[in-house]
Amino acid sequence: MSFLAGTGQISRVLENGQIDHFESPMVQIDRNSDLLFDLFRLKDIHMPILGAAVLSNSTQKVNVQPNQYPVLFLGEIPTFIKRQIKNHTVIESNQAKKIAEILVEEHQPFNPFPICNRWNVDTAFLKKGVFCTKCSACMMKRRFRTWVCEACFHRDPYAHIQAIKEWFMLIGGEITNKKCREFLDVQSYQLVYRVLKEMNLRVEGTGKKTKYKMVFRE
Ligand SMILES: [Zn+2]
């Protein structure tokens, strides 16, 4: 991963050589710091705001580091915070409590769905089928009223539920029996009719034109 100076972007190179560009976390930190600063000002809180980009995947390699903010791995957060305490005035516990209460009060659930749309991912690149609910490494095949992993042979009659939820999180909108068959990589109209019906989705229309929708909290 490289931070591209002056462009507000990062470039990511996958193991297969594919290169993708995304908005730089530095731009996100700037935006979020500004919003937090405005919120604090509204609530009459005066304190410095420090930003840092945190990588959740410790196997990620950063080739070109940015200048504005440090890039940390998850495990480095406690040390980073301790270092800040040495350099800055520590606030009173009642002030910390007040800030915590404000943050909880102002909190709104984050709804990033559908993810492909949000991150400009071409849905044609999504792997079709039901991922194993145990090893997640391989796809499951429908065998005798259950799903069986081709790698670890784990059996799960309800494995399709997670796959369909993921369809709504990734692609979103309304799913039809046909779209669901394509995504689950199965042929049976009856099977998909039954599993969609059992998921208590919002239903519109009848017969082959039936559309199903999952509602996420805004
Ligand atoms: Zn498995």
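For this structure, a couple of remarks:
- Test: residue in region 159-166 that is touching an Asp or Glu at 6+ places or on another chain (Cβ under 9 Å), part of a loop (DSSP other than H, G, I, E, B) and either without any contact (Cβ under 8 Å) to a residue 12 or more places away in the chain or more than 15 Å from the ligand (Cβ to nearest atom) (or both): no
- Qualifying residue in region 134-155 (condition: closer than 26 Å to LEU196 by Cα and touching a helix residue (DSSP H, G or I) at 6+ places or on another chain (Cβ under 6 Å)): yes
- Among the residues of region 172-204, those that are under 12 Å from LYS128 (Cβ atoms) and touching a helix residue (DSSP H, G or I) at 6+ places or on another chain (Cβ under 9 Å) comprise LYS179, CYS180, ARG181, PHE183, LEU184, VAL186.
- Pairs linking a residue in region 146-158 that is of a type in the set (Asp, Glu) and open to solvent by 60 Å² or more (accessible area, probe 1.4 Å) to a residue that is near the ligand (Cβ under 10 Å from one of its atoms) and part of a loop (DSSP other than H, G, I, E, B), with Cβ atoms under 7 Å and 6 or more positions apart or on different chains, are GLU150/CYS138.
- Within region 105-145, being more than 16 Å from the ligand (Cβ to nearest atom) and of a type in the set (S, T, N, Q) holds for GLN108, ASN111, ASN117, ASN120, THR123.
- Meets criteria (touching a strand residue (DSSP E or B) at 6+ places or on another chain (Cβ under 8 Å), farther than 17 Å from GLN84 by Cβ and modelled with pLDDT of 85 or more) for MET26: yes
- Residues being outside any strand (DSSP E or B) and either under 13 Å from ASN67 (Cα atoms) or open to solvent by 70 Å² or more (accessible area, probe 1.4 Å) (or both) - total across region 1-28: 11
- Any hit, region 168-186, residues being part of a loop (DSSP other than H, G, I, E, B) and within 13 Å of the ligand (Cβ to nearest atom): no
- Evaluation of TYR193 against the conditions (1) open to solvent by 60 Å² or more (accessible area, probe 1.4 Å); (2) part of a loop (DSSP other than H, G, I, E, B); (3) among the aromatic types (Phe, Trp, Tyr) shows that the sole unmet condition is (2).
- Which listed residue is closer than 20 Å to ASP20 by Cβ and of a type in the set (Lys, Arg), from LYS97, LYS141, LYS127: LYS127
- With respect to the conditions (1) in contact (Cβ under 8 Å) with a residue 24 or more places away in the chain; (2) surrounded by 14 or more Cβ atoms within 10 Å (Cβ to Cβ); (3) not assigned by TED's automatic domain parsing to the domain that holds ILE171, LEU36 falls short on a single one, namely (1).
- At least 3 residues being without any contact (Cβ under 8 Å) to a residue 60 or more places away in the chain and over 26 Å from the mean Cα position of the chain (by Cα) is the threshold, and among the helices (runs of 4 or more DSSP H) wholly inside region 67-134 those reaching it are 77-87, 93-106.
- Unmet criterion (only one of (1) modelled with pLDDT under 95; (2) within 23 Å of VAL121 (Cα to Cα); (3) assigned to a helix (DSSP H, G or I)) for PHE216: (3)
- Filtered residues of region 196-218 (kept if open to solvent by 60 Å² or more (accessible area, probe 1.4 Å) and within 22 Å of the chain's Cα centre (by Cα)): LYS213, VAL215, ARG217, GLU218
- Residue satisfying all of: in region 138-149; of a type in the set (A, V, I, L, M) and under 21 Å from PHE168 (Cα atoms); nearest to the chain's Cα centre (by Cα) among these: MET139
The values are calculated or read from the model by the stated rules, or taken from the named source; none is laboratory data. Since the structure is predicted, the reported quantities are computational estimates derived from the model, not experimental observations. When we count neighbours, we look across all protein chains shown, and the Cβ atoms used for this are built from the backbone with ideal geometry, even at glycine. Areas reflect the complete protein model, heavy atoms only, side chains present, ligands, DNA and RNA absent. Shrake-Rupley method; radii C 1.70, N 1.55, O 1.52, S 1.80 Å.
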